[in-house]
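S.K.: Supplied in structure tokens, the structure appears directly below.
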Amino acid sequence: MATPSKLYSSCSLLMAFLFAYSTAVQFNDPDWYLWVPLYGCACAVNLPNWVISSETIGYVAKATLGLGIYLWVKVVAEDYVNGIAGFLSLDLSERVVREKTGSGLVMASMILVLMAESPSPKLHRTSKSLRPFPRYLPCGMATLVAFSYGLPVFFFLVQKGKMKF
């Protein structure tokens, strides 16, 4: 893997903090045993590379992506069957919307991490140098951070929304 930019590393650390917080607040849920591993693994994967080896990150990221997809489908199906909020709703007062958004953020983060961790093809057959770190990955991670931190701020501070349990 090429060396990630400071923006990518900073955004990954911010996502790790968000997923650590999300892990901490899941223990009062009835299905905490599904959400704690999802957010805990997402936190670990987003920590800087000096914490976990690159090979291990790939395995954990793939497993976390699979769990994220499973939980996203579960929550979307629950929302559809019960007619709670609607597929495109961002009303964070509803539990299913918070869970759908959280699993979606995990999926997006894992996809970006897996793209960053994938081996870089050689530029030329005779060249030993690897391609530089792709420019779109820091932008994608920065967009993910802006959305994941901005949505709750907007909903709870600007709209003064209240959570339903």
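The values are calculated or read from the model by the stated rules, or taken from the named source; none is laboratory data. Keep in mind it's a predicted model, so treat the numbers as computed, not measured. So basically every Cβ, Gly included, is an ideal-geometry build from the backbone, and we count neighbours across all protein chains shown. Areas reflect the complete protein model, heavy atoms only, side chains present, ligands, DNA and RNA absent. Shrake-Rupley method; radii C 1.70, N 1.55, O 1.52, S 1.80 Å.
S.K.: Looking only at residues that are closer than 15 Å to PHE19 by Cα and hydroxyl-bearing (Ser, Thr, Tyr) in segment 138-158, which one is least open to solvent (accessible area, probe 1.4 Å)?
M.R.: Looking at the filtered set, the residue picked out is SER148.
S.K.: What number of residues within segment 1-19 are open to solvent by less than 40 Å² (accessible area, probe 1.4 Å), modelled with pLDDT of 90 or more and aliphatic (A, V, I, L, M)?
M.R.: 3
S.K.: For SER118, indicate whether it is within 23 Å of VAL45 (Cα to Cα), modelled with pLDDT under 90, open to solvent by less than 60 Å² (accessible area, probe 1.4 Å) and not aliphatic (A, V, I, L, M).
M.R.: Considered against the rule, which asks whether it is within 23 Å of VAL45 (Cα to Cα), modelled with pLDDT under 90, open to solvent by less than 60 Å² (accessible area, probe 1.4 Å) and not aliphatic (A, V, I, L, M), SER118 comes out as yes.
S.K.: Could I ask something else about it? Of all residues in segment 47-103 being open to solvent by 70 Å² or more (accessible area, probe 1.4 Å) and touching a residue at least 60 places away in the same chain (Cβ under 8 Å), which is nearest to GLU117 (Cα to Cα)?
M.R.: Result: LEU90.
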